[in-house]
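Here's the structure, in structure tokens; my notes come after.
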Amino acid sequence: MRLNLHTQAKSADVPPVGADQARLAYSVGGICVGLFAPPEMKLKLDREMEQFRTNGAPVDVRLDVEWTDELRSPSSRAAFQSGGLWSLFEEDGGYRFYFSTPFLGTVPYKAACFDRAFRHGRVSLYRGYYDQKRAVNPIEYPLDELLAIHRLSHGEGVEVHAVGVVDAQERGHLFLGHSGAGKSTSARLWQRLPGTRVLSDDRIILRVANGQVRMFGTPWHGDAGIASSDSARLSSMYVLEHGKQNELTPLAPGRAAAEVFARSFVPHHSAEGLQSILYFLDRVTREIPCSRFQFVPDHTAVEAICHA
């Protein structure tokens, strides 16, 4: 069925999640996304996402993929403008993303519409910009990350700007930081320690599973290029800052929640989503100790955390 691009797809237009076998599926942060497309349409995933590929897992989000000969952004006011590749519109109780770049032209190269809870969606690819004989990645960045951020904001967790480290004792350490705070440097330092796993050098998903706060690796890595589909129970959190010496300063839960929120990826247009994430971070920071970590970029920073 071809989507009318001038109206928002209703939930009744989309088959139930898991109604049939997905052509392609991946799982990030414990959320499985299934891609459904006509048999003649060739699908692929990015290299970073391949290790997150899964087979046979129950699908949490269903995405139907199609070609279209007509695609244009609406004339209504956007709910959010990224200032880059995408813009977001609220339509008929759901959301629609448009992706465009001056490099290709004025017509968007892709649109993705979702129901309010981000359980169902449809991705429409403008036929004029693609070689239909070659495999296409319908959820290429940034759509894959946008989907994760919005789905998590429905009471399921949050994505944070952080390095996730699992030490030899299986303790999970989360090092939060803005760009330039030293996340990739920290990841490389920890990689040298025997028995240590680094889940990501840039972006981690936090969720509660079986009563435990857990951190999950993501495909959206930083300069160190580290991305893992593994997960671990979270034991401690640290807000990274460059310093003249290694120094840990404990943060009260309220202060910690504010610091983590400032380093989180959130749907700024959604009051409900923001409130959900704040509730989630309130729980996390009450259960998991958080400190400000002023550090020097050498092996002594790792030693400081191990000794602490």
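Nothing in this text is a laboratory measurement; each read-out follows from the coordinates by a stated rule. All of these numbers come straight from a predicted model, not from anything done at the bench. Counting neighbours? That spans all protein chains shown, and the Cβs are built from the backbone with ideal geometry, glycine included.
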Q: Compute the acute angle (0 to 90°) between the alpha-carbon long axis of helix 271-287 and the principal axis of greatest extent of the alpha-carbon atoms of the chain; round to the nearest 10°.
A: 30
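Mind pulling the per residue volume of the convex hull built on the Cα atoms of the range 53-209? Å³ is fine.
Values: hull volume 27.5 nm³, N = 157.
In the range 53-209, the Cα hull volume divided by residue count equals 175 Å³.
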Q. Rounded to two decimals, what ratio of Rg to Rh does the range 111-172 give with C-alpha atoms and a Kirkwood Rh?
A. 1.15
Q) Rounded to the nearest 0.05, what FRET efficiency is calculated for R127 and A252 with R0 set to 45 Å and r the Cβ-Cβ distance? A) 0.25
Q | Pairwise label distance in nanometres, Q191 with E70, each label 7 Å out on the Cα-Cβ vector | A | 5.0
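If each residue of separation counts as 0.36 nm, what is the full-extension length gain between T300 and S179 once their alpha-carbon separation is subtracted? If you can, show how the numbers build up before the last one.
Working: separation 121, 0.36 × 121 = 43.56 nm, distance 2.18 nm.
Going from the current span to full extension adds 41.4 nm.
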Q. Given the C-alpha centroids of the range 166-203 and the range 95-128, what is the distance between them in whole angstrom?
A. 34
Q | Under 13 Å from the N137 label point (7 Å along Cα→beta-carbon), backbone N, the range 20-56 | A | 43-53
**Q.** Order of I305, I204 under a 10 Å beta carbon neighbour criterion, fewest first
**A.** I305, I204
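Taking neighbour Cβ counts within 10 Å as the exposure measure, how do F103, F97, F293 sort from fewest upward? Intermediate values should be presented prior to the final figure.
Working: F103 6, F97 24, F293 27.
Least to most surrounded, the residues fall as F103, F97, F293.
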Q) Which value at 222 nm does the chain reach when only helices count, each DSSP H run of 4 or more adding -39,500 (n - 2.57), with the total divided by all residues and rounded to the nearest 500 deg cm²/dmol? A) -5500 deg cm²/dmol
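Calculate, in whole percent, how much of the Cα-Cα pair population of the chain lies beyond 27 Å. If you can, show how the numbers build up before the last one.
Working: 21140 of 47278 pairs.
That tail contains 45 percent of the Cα-Cα pairs.
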Q: Find the eigenvalues of the gyration tensor of the Cα atoms of the range 155-308, then list the square roots of 5 times those eigenvalues as equivalent ellipsoid semi-axes, largest first, in whole angstrom.
A: 23, 17, 15
Q | GNM top mover of A271, A135, A257 - the chain, alpha-carbon springs below 10 Å | A | A271
Q.
Spelling out what I want: for every residue of the range 218-224, take phi, set θ = phi - 60°, compute 6.51 cos²θ - 1.76 cosθ + 1.60 (Karplus), and round to whole Hz; glycine and proline get x.
A. 10, x, 9, 8, x, 5, 6
Q | Candidates K110, K244, K42, ranked by Gaussian network fluctuation over the chain, Cα under 10 Å, top entry | A | K244
Q: Would you mind telling me which residue in D144, D201, D69 has the biggest mean-square fluctuation in a Gaussian network model of the chain, where springs connect alpha carbons within a distance under 10 angstrom?
A: D69
Q. Can you put M49, M41 in order, fewest other beta carbons within 10 Å first?
A. M41, M49
